[in-house]
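The values are calculated or read from the model by the stated rules, or taken from the named source; none is laboratory data. The shown structure was predicted, so the numbers you read here are calculated from the model rather than taken from an experiment. We place every Cβ from the backbone using ideal geometry, glycine too, and count neighbours over all the protein chains shown. In case anyone asks, the SASA skips ligands and DNA or RNA and just uses the protein heavy atoms, side chains included. Shrake-Rupley method; radii C 1.70, N 1.55, O 1.52, S 1.80 Å.
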Amino acid sequence: AEQEKVDKIGREQFGLFSKEFAKRHGLHLLGTTSTWFLLDIAFYSSNLFQKDIFSAIGWLPKAELMSATDEVYRVAKAQTLIALCGTVPGYWFTVAFIEHLGRFTIQLMGFFFMSVFMFALAIPYHHWKTHNAGFLIMYSLTFFFANFGPNATTFIVPAEIFPARLRSTCHGISAAAGKAGAIVGSFGFLYAAQSTHRNKVDKGYDTGIGVKNALMVLGAVNCLGMLFTLLVPETMGRSLEDITGENEEDNGHQQTFSVEKVPV
């Protein structure tokens with residue numbers, strides 16, 4: 001009965017590499033890919049090398065001073081403490097507040113506080129070597145605001161802001177950018193965090209910029225995440241058709257085929 005409408009929609013569909021997509025969703029795709037990329041640089045570098053950071057501030061002994069079993073136990077205990085105090089509560093805060101604060105606000109807030117706490121760890125870095133408890137609290141808060149922030153919203157938003165026929169593709173592109181960021185963060189931090197002194201560098205590595213400067217770089221990465229978050233629209237309380245603009249197409253179509261009322 002509505003074959004004419006179906007034909008019109010078919011003619012108006014646009015592809016991923018079309019000018020229409022670039023006009024409507026190009027900046028959105030740039031926003032979702034860049035924020036996921038930048039988040040994973042900061043998140044994975046911090047997450048995977050917790051042991052090295054804890055050792056650098058003296059909270060854990062050097063590996064050569066522990067047996068393999070003792071090292072596994074100490075590192076697992078430290079990482080579990082971080083997860084219980086920061087990572088897991090952050091997710092539940094997102095679940096509780098995402099429909100009240102919105103995706104945009106939570107993501108922007110998360111990047112902001114991750115930047116604040118990264119800089120707070122990096123600038124007085126040598127102070128934390130004698131105040132391990134304070135460092136641990138600040139470090140936990142970076143993970144809390146990662147999960148009560150972009151580590152949750154970066155995979156929610158791409159599933160909502162793109163047209164249905166391109167939604168999984170754009171989400172996949174955004175996720176792939178995130179994995180690229182994870183690679184950069186993992187390898188980059190490993191090399192960058194090496195000591196600036198040749199005699200303190202791990203065997204097989206060149207000198208780096210040190211843990212302090214590496215944390216400064218991660219703080220700057222989070223600042224960029226805030227900037228690119230401005231490209232991502234708020235989706236709270238809106239239907240998928242409204243977010244993607246598909247309602248506008250339908251309304252325009254309905255107006256085209258409306259019947260004019262003629263007075264009798």
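The figures follow:
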{"quantity": "Candidate set from segment 129-166 (those that are in contact (Cβ under 8 Å) with a residue 24 or more places away in the chain and of a type in the set (Gly, Ala, Ser)); member that is most open to solvent (accessible area, probe 1.4 Å)", "calculated": "164"}
{"quantity": "Where a residue in segment 227-240 is of a type outside the set (A, V, I, L, M, F, W, C) and its partner, wherever it lies, is assigned to a loop (DSSP other than H, G, I, E, B) and modelled with pLDDT of 80 or more, with Cβ under 7 Å and at least six apart", "calculated": "233/161; 234/102; 235/160; 235/161"}
{"quantity": "Which numbered condition residue 59 misses (of (1) open to solvent by less than 20 Å² (accessible area, probe 1.4 Å); (2) part of a loop (DSSP other than H, G, I, E, B))", "calculated": "(1)"}
{"quantity": "Flag if residue 84 is touching a residue at least 40 places away in the same chain (Cβ under 8 Å) and either more than 19 Å from residue 135 (Cβ to Cβ) or assigned to a helix (DSSP H, G or I) (or both)", "calculated": "no"}
{"quantity": "Filter pass, residue 93 being outside any helix (DSSP H, G or I) and either open to solvent by 70 Å² or more (accessible area, probe 1.4 Å) or acidic (Asp, Glu) (or both)", "calculated": "no"}
{"quantity": "Among residues of segment 168-202, those that are modelled with pLDDT of 90 or more and either surrounded by fewer than 21 Cβ atoms within 10 Å (Cβ to Cβ) or more than 23 Å from residue 212 (Cβ to Cβ) (or both), counted", "calculated": "16"}
